[in-house]
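In what follows, a structure is listed as structure tokens, so that the remarks can point back to it.
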Amino acid sequence: MGQSYKEISAIARKRRDDAISAFWSIPDIKDDELPQDLRSYPQTSGLLAADELAIVNTDATELLEKIREGRLSSVTITTAFCKAAIIAQKLTNCVTEVLFTEGLERAKQLDDHLQKTGSIVGPLHGLPVSLKDNFMTAPHPSSIGMAAYTNEATEKDSVIVTGLRELGAVFYIKTNVPTAMLMAETNNRVWGETRNPIHKGLTPGGSSGGEGALIALKASPLGVGTDIGGSIRIPSAFCHLYGLKPSFGRFSTLGGRAAIPGQDFVPSVCGPMATSLETVKLFCESVLSEQSAPWNADPKLIPMPWRKDVIQPKGRKLRIGILGNSDGAMTCYPPVERALKIVGKALKDAGHDVFEWAPTGHVEVLKLLLEAFHVFGASEILPRLQEHGEPLFKSMESSSSSCKVDELSAVKLSEMIIKRNSLQKQYLDRWMATETDASGPMDCIISPVAVAPASRLGYGETVQYAGYTAFGNILDLPSCTFPVTYTDKATDLKRDASWKALNDQDQRMQDEYDPDFYHGAPVSLQLYGRRLEEEKVIEMVEVVAGILKFQHRN
């Protein structure tokens, strides 16, 4: 064994902390003096000037307009978000690599270009964009929470990083992930644990949890995450964000650090995360524009520019299936069940056709996903962790214990592919069977994102469950999260003795629910569309969000 993970971690943390302190030094923050909801701290701490607070509280689309009109410079905006990111790091431990120097250099180049030419380089001209740690921004390391990669320089940017830069994006920060990006929380032995800024006793989820925490604290106007089992949607839901998990083939993950290189049985996808749906649309329309044409840089992408007004006739009522508070294996906590009722009633009252959607096949889909992680993951990840003595988290132990580190047989792989394809076909058939003589098939499914509104810190050392998101990965369905409400201890009471658990794990999870502890936790849901219907998913979430009229608390 070479360097221990502790030695590697010390080097990496010093690199990060030195880069932060060289830019801006702020006083230590006493945790016992902080409120439960950390989002108010940057607004009231006095660390940011009034004009900086105004910037970080402005939506990305408006910031871009101000840059174009010369009312704000990219340098001014980027500086404000760099400062906000430092505060976010102090509050939540969400940062890995610091790109302030090159970010501000890039911002100045863009400001100079606009001043000299009177034109912008692209639709994201001068906008700071944060990145999940696995995206390559050479020469900065991409650790994915593993000591093996933590201090290793990278040589080439990810395809989407290059594309975003050409559209005018300014990269200034990278964010924390769980070990190998394979837990539904954000904790690893290198950078440590990230917490949720909306409720500091909770995790921001994983694996794009650093992004979730950063964006929820208004320290990024737009972030990019990845998703292979819920890694965009879980953090987005836990942090009250809009997060789009697309189908494979829309946005490029080429050139990023993969936990399991070469595995495409369950393909990883990337997508935007933001506090507003308008910013999510901005990302989609910009990246999938004819100007960007990412399909010319990644052969796996479908050459399909972003489309508008795909719901026709425009303004028609939707047909919506509501997946209940159980997927057949686990039961959601009371606040999630209440959110489903809130949304279902609001949609019905607005005249939409809303009906129950049974979780047929969901348990089988989840079993296949877990089998895939076991089969593909152990031979790649375990030796890398063992090189530096990194202990496994308990949730990772359980997923690795049944798997030997050996080669996958062709027969086994073929069986898994046949099973996956069969499940995809069965689900499509059931979806299409919702068509009636009077109307077309169901437009979408509204579903929970997780059992809990957001899980306690330490989730990775107990039990984790990603069934509500994972089935969308195996079926390759696009999905977008949306905020609904907050947990209320007076309303979201613990289930009484008459409630019957589906199994022992379901009982353990329900026993963990404490209304007093979870009070104030964010509650979100997700909306699924059919494969490659990302545009329609966003338009449908616009409809839902317009009815709910959810307002973020500061």
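Kindly indicate whether any position in segment 477-497 is closer than 19 Å to residue 364 by Cα and either basic (Lys, Arg) or in contact (Cβ under 8 Å) with a residue 60 or more places away in the chain (or both). Spell out the reasoning first.
Our first condition is that a residue be closer than 19 Å to residue 364 by Cα; within segment 477-497, this holds for 477.
Next, from what is left, pick out any that are either basic (Lys, Arg) or in contact (Cβ under 8 Å) with a residue 60 or more places away in the chain (or both): 477.
Scanning segment 477-497 turns up at least one residue that is closer than 19 Å to residue 364 by Cα and either basic (Lys, Arg) or in contact (Cβ under 8 Å) with a residue 60 or more places away in the chain (or both).
Tally the residues that are part of a loop (DSSP other than H, G, I, E, B), crowded, with 16+ Cβ neighbours inside 10 Å and more than 23 Å from the chain's Cα centre (by Cα), restricting the search to segment 312-327.
Residues of segment 312-327 part of a loop (DSSP other than H, G, I, E, B): 312-318, 324-325, 327.
In the following step, the residues that additionally are crowded, with 16+ Cβ neighbours inside 10 Å were identified as 318, 324-325, 327.
Next, from what is left, pick out any that are more than 23 Å from the chain's Cα centre (by Cα): 318.
Summing the residues that are part of a loop (DSSP other than H, G, I, E, B), crowded, with 16+ Cβ neighbours inside 10 Å and more than 23 Å from the chain's Cα centre (by Cα) in segment 312-327 gives 1.
Across segment 142-159, what is the total count of residues that are at negative phi, in a loop (DSSP other than H, G, I, E, B) and either crowded, with 24+ Cβ neighbours inside 10 Å or within 21 Å of the chain's Cα centre (by Cα) (or both)? It would help to see each step written out before you state the result.
Initially, segment 142-159 is screened for residues at negative phi, giving 142-143, 146-159.
Those still in the list that are in a loop (DSSP other than H, G, I, E, B) too: 142-143, 146, 151-158.
Checking which are either crowded, with 24+ Cβ neighbours inside 10 Å or within 21 Å of the chain's Cα centre (by Cα) (or both) leaves us with 142-143, 146, 157-158.
Of the residues in that region, 5 qualify.
Per the conditions (1) under 16 Å from residue 531 (Cα atoms); (2) touching a strand residue (DSSP E or B) at 6+ places or on another chain (Cβ under 9 Å), the sole criterion not satisfied by residue 429 is (2). From the set of residues in segment 1-10 that are aliphatic (A, V, I, L, M) and exposed (fewer than 14 other Cβ atoms within 10 Å of the Cβ), which is modelled with the highest pLDDT? Out of the qualifying residues, it is 10.
Give all pairs with beta carbons closer than 6 Å in which a residue from segment 103-124 that is not assigned by TED's automatic domain parsing to the domain that holds residue 61 meets a residue that is at pLDDT 95 or above; count only pairs at least 6 apart in sequence or on separate chains. Pairs that qualify, where the first residue is not assigned by TED's automatic domain parsing to the domain that holds residue 61 and the partner is at pLDDT 95 or above: there are none. Per the conditions (1) part of a helix (DSSP H, G or I); (2) crowded, with 24+ Cβ neighbours inside 10 Å, the sole criterion not satisfied by residue 162 is (2). Counting only residues that are touching a Cys at 6+ places or on another chain (Cβ under 9 Å) and among the aliphatic types (A, V, I, L, M), segment 228-271 holds 2 of them. Within the option set 364, 390, 397, 380, being more than 29 Å from residue 418 (Cβ to Cβ) and either in contact (Cβ under 8 Å) with a residue 24 or more places away in the chain or assigned by TED's automatic domain parsing to the domain that holds residue 145 (or both) holds for one residue only, 390.
Sort out which residues of segment 20-43 are among the hydroxyl-bearing types (Ser, Thr, Tyr) and loosely packed, with under 11 Cβ neighbours inside 10 Å, and write them in order of number.
Restricting attention to segment 20-43, the residues satisfying the condition of being among the hydroxyl-bearing types (Ser, Thr, Tyr) are 21, 25, 40-41.
Selection gives 25 alone.
Can you confirm whether residue 76 is surrounded by fewer than 22 Cβ atoms within 10 Å (Cβ to Cβ), over 26 Å from the mean Cα position of the chain (by Cα), without any contact (Cβ under 8 Å) to a residue 60 or more places away in the chain and under 18 Å from residue 553 (Cα atoms)? Considered against the rule, which asks whether it is surrounded by fewer than 22 Cβ atoms within 10 Å (Cβ to Cβ), over 26 Å from the mean Cα position of the chain (by Cα), without any contact (Cβ under 8 Å) to a residue 60 or more places away in the chain and under 18 Å from residue 553 (Cα atoms), residue 76 comes out as no.
Residue-wise test of (1) in contact with a strand residue (DSSP E or B) (Cβ under 8 Å, 6 or more places away or on another chain); (2) under 26 Å from residue 450 (Cβ atoms); (3) among the charged types (D, E, K, R).
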{"site": "299", "(1), (2), (3)": "no, no, no"}
{"site": "311", "(1), (2), (3)": "no, no, no"}
{"site": "328", "(1), (2), (3)": "no, yes, no"}
{"site": "354", "(1), (2), (3)": "yes, yes, no"}
{"site": "364", "(1), (2), (3)": "no, yes, yes"}
{"site": "384", "(1), (2), (3)": "no, no, yes"}
{"site": "389", "(1), (2), (3)": "no, no, no"}
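For segment 473-518: of the residues being under 28 Å from the mean Cα position of the chain (by Cα) and of a type in the set (Lys, Arg), which is farthest from residue 226 (Cα to Cα)? So, considering only residues that are under 28 Å from the mean Cα position of the chain (by Cα) and of a type in the set (Lys, Arg), the one farthest from residue 226 (Cα to Cα) is 489. Checking the stated criteria, residue 237 turns out to be within 24 Å of residue 519 (Cα to Cα) and not acidic (Asp, Glu).
The values are calculated or read from the model by the stated rules, or taken from the named source; none is laboratory data. Just so we're clear, the structure is a prediction, and the values are computed from it rather than from any experiment. No Cβ is skipped: glycine too gets one built from the backbone with ideal geometry, and neighbour counts run over all protein chains shown.
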